[in-house]
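Peer 1: Following this message is one structure expressed as structure tokens.
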Amino acid sequence: MNSILKDVVAVPSSRGNTIGFLTWNSLSNMLITPDELKQKLVDSGLGAGWMPKDIRLPDAFRRATSEKFKREVAPGVYENYMFREMASTSAFVQRNLVCETKDTRGRRLDYLPDAGALVLDRKTEKVESSFISSMAQQLVNNAALQFDIYKNNYGSTTLRTLITCVLKSMSPTPVRPSGGVYFIPAQFEGNLDALVQFVISLEKGEAEKVPVMNTTDMKNMVTRKLLDHLRGTLAACENGVANQLKKNELKAILEDAKTIVSNVKDYEAIVTGDLQEMEAYVAFIREKVASALTNMAD
């Protein structure tokens, strides 16, 4: 990242001399109530329209029972505890605490499918628990406490998804092979300011925005990165079709590809050199997306 930034920050920012911005953000694990999140979205300027879907009780319940626990009970012998779903109806969801005993060679020595259980009543939003040992009691009770937290709070995964969705609305181009740093065209400066303000308002959030100046070197850099992005998008479409991904997984890839192609228009005043290669990639992606969507519909 330092090699990208060293030339970018060398010139003072001014609106007419800026082609866009580099931006990145990070978010550590945290919780936030729906009311708090809505207020932060409004205060930042993003608006309440970016609020995620309401927290679903079964999702919070499954999240609370997703952790695993391992302990050594004898030299070379371990107990592995995990929750497994036993039933899900319109009235309740049941998750059992399973205890699997293995040795260091991976051989199963014992298996207990009902060391404990948690049952969520969808109507009352209450959880009933059962257990057969002090260890199971501790794990079951902890999961019940976690459920009380998760049903009233969004977590970092939801917040990161929200941030990514906002970022995608600003025609981003990744500038690092490993991701995490994006170029945003200058016309989205107001939206980007709002996103940065929102992220830094979060308890565990950090975000930065650095101007990219209107120089030949910077325009060439953006052009290269946009081409890399288009190549990667085409490859993702081709691999998704070739690997026969699940319909919902492939559809997500294709929808992203359609968005990326439509974003190219936001770079018309930035890109340099012969645009023939870029136009060819755009055409290839459109053709691949159209063909894949047609085959999915058949």
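Peer 1: Compare LYS247, LYS40 by solvent-accessible area with a 1.4 Å probe and give them largest first, with all protein chains kept in place.
Peer 2: Values: LYS247 130, LYS40 60 Å².
Listed by decreasing accessible area, they come as LYS247, LYS40.
Peer 1: Let me ask another. Let me spell out the model: positive unit charges on the Cβ of Lys and Arg, negative unit charges on the Cβ of Asp and Glu, origin at the Cα centre of the range 52-152. What dipole size does that give, in debye rounded to 20?
Peer 2: On the way: 17 positive and 14 negative charges, 61 e Å.
About 300 debye.
Peer 1: Right, something else. Hey, with R₀ at 51 Å, roughly what FRET efficiency would GLU287 and SER134 work out to, going by the Cβ-Cβ distance, to 0.05?
Peer 2: Working from the Cβ atoms, E equals 0.25.
Peer 1: Another question, if that's okay. Just want to confirm a number: the relative contact order over the range 114-212, from Cα pairs under 8 angstrom separated by 6+ residues, in percent. If you can, show how the numbers build up before the last one.
Peer 2: Values: 74 pairs, mean separation 13.5, N = 99.
After rounding, I find 14 percent.
Peer 1: Continuing with this model, one more query. Considering only protein heavy atoms, what is the solvent-accessible area of VAL42 at a probe of 1.4 Å, reported in Å² to the nearest 10?
Peer 2: 80
Peer 1: Before anything else, pin down the relative contact order of the range 57-151: Cα pairs under 8 Å, at least 6 apart, normalised by residue count, whole percent. Intermediate results must be reported in sequence, preceding the final value.
Peer 2: Working: 184 pairs, mean separation 23.3, N = 95.
Normalised by residue count, the contact order of the range 57-151 is 25 percent.
Peer 1: Once you've got the Cα coordinates, tell me which of LYS38/LYS251; LYS219/LYS265; LYS151/LYS247; LYS168/LYS225 are over 19 Å apart. Intermediate values should be presented prior to the final figure.
Peer 2: Numbers: LYS38/LYS251 30 Å; LYS219/LYS265 15 Å; LYS151/LYS247 30 Å; LYS168/LYS225 16 Å.
Listed pairs above 19 Å: LYS38/LYS251; LYS151/LYS247.
Peer 1: To the nearest 10 square angstrom, what accessible area does ASP103 show with a 1.4 Å probe?
Peer 2: Surface open to solvent at ASP103 totals about 20 Å².
Peer 1: Which translational diffusion coefficient, to the nearest whole µm²/s, is obtained for the range 229-296 from the Stokes-Einstein equation, given a Kirkwood hydrodynamic radius over C-alpha pairs, 25 °C and 0.890 mPa s?
Peer 2: Values: Rh = 12.4 Å.
Rounded to a whole number, D works out at 198 µm²/s.
Peer 1: In nm, what is the difference between 0.36 nm times the number of residues separating ARG224 and GLU72 and their Cα-Cα distance?
Peer 2: Working: separation 152, 0.36 × 152 = 54.72 nm, distance 5.31 nm.
Contour length minus Cα-Cα distance gives 49.4 nm.
Peer 1: Starting from the residue with the highest accessible area, list TYR182, TYR267 in decreasing order, probe 1.4 Å.
Peer 2: TYR182, TYR267
Peer 1: Expected output is a single nm value to one decimal: the length gained when fully extending between ARG231 and THR158, i.e. 0.36 nm times separation in residues minus the C-alpha distance. What is it?
Peer 2: Details: separation 73, 0.36 × 73 = 26.28 nm, distance 2.90 nm.
Contour length minus Cα-Cα distance gives 23.4 nm.
Peer 1: Here is a follow-up. Just the number, please: Stokes-Einstein D of the range 57-151 in µm²/s, Kirkwood Rh from C-alpha pairs, 4 °C, 1.567 mPa s.
Peer 2: Working: Rh = 13.7 Å.
Translational D for this selection: 95 µm²/s.
Peer 1: Something else about it: Keeping every protein chain present and rolling a 1.4 Å probe, give me the accessible area per residue for the chain in Å².
Peer 2: 56
Peer 1: Let me ask you something else. So for the chain, Kirkwood radius off the Cα pairs, Stokes-Einstein at 20 °C and 1.002 mPa s: how many µm² s⁻¹?
Peer 2: So the translational diffusion coefficient is about 94 µm²/s.
Peer 1: Here is a follow-up. R0 = 22 Å: FRET efficiency of MET51 with GLU125, Cβ-based, nearest 0.05?
Peer 2: Numbers: r = 21 Å, r/R0 = 0.96.
It comes out at approximately 0.55.
Peer 1: Follow-up. Given a Förster distance of 45 angstrom, what is the FRET efficiency for ARG84 paired with ASN17, based on the Cβ-Cβ distance and rounded to 0.05?
Peer 2: Working: r = 59 Å, r/R0 = 1.32.
It comes out at approximately 0.15.
Peer 1: Here's a follow-up. So which aspartates and glutamates pass the test for LYS53, namely a Cα distance under 15 Å, with those fewer than 8 places away in the same chain ruled out?
Peer 2: ASP35, GLU36
Peer 1: For the full complex of protein chains and a 1.4 angstrom probe, list ILE132, ILE149 by accessible area with the highest value first. Before the final figure, lay out each step's value.
Peer 2: Numbers: ILE132 110, ILE149 65 Å².
From most accessible down to least: ILE132, ILE149.
Peer 1: Okay, which of the range 194-232 sit inside 16 Å, backbone N to the point 7 Å along the Cα-Cβ direction of GLN276?
Peer 2: In the range 194-232, the label zone of GLN276 (backbone N under 16 Å from the point 7 Å along Cα→Cβ) covers no residue.
Peer 1: Using Cα-Cα distances under 8 Å and only pairs 6 or more residues apart, what relative contact order does the chain have, in percent?
Peer 2: On the way: 429 pairs, mean separation 68.1, N = 298.
Relative contact order for the chain comes out at 23 percent.
Peer 1: So how far apart, in nm, are the two label points at ASP193 and TYR111 if each is 7 Å from Cα heading toward Cβ?
Peer 2: With each label placed 7 Å out from Cα toward Cβ, I get 6.1 nm.
Peer 1: Further, regarding this structure: Ignoring any ligand, DNA or RNA, what whole percent of the accessible area of the chain comes from carbon and sulfur when the probe is 1.4 angstrom?
Peer 2: On the way: 8120 of 16720 Å².
Accessible surface attributable to carbon and sulfur in the chain totals 49 percent.
The values are calculated or read from the model by the stated rules, or taken from the named source; none is laboratory data. These numbers come from a predicted model, not from an experiment. Backbone-built Cβ (ideal geometry, glycine too); neighbour counts: all protein chains shown. Areas reflect the complete protein model, heavy atoms only, side chains present, ligands, DNA and RNA absent. Shrake-Rupley method; radii C 1.70, N 1.55, O 1.52, S 1.80 Å.
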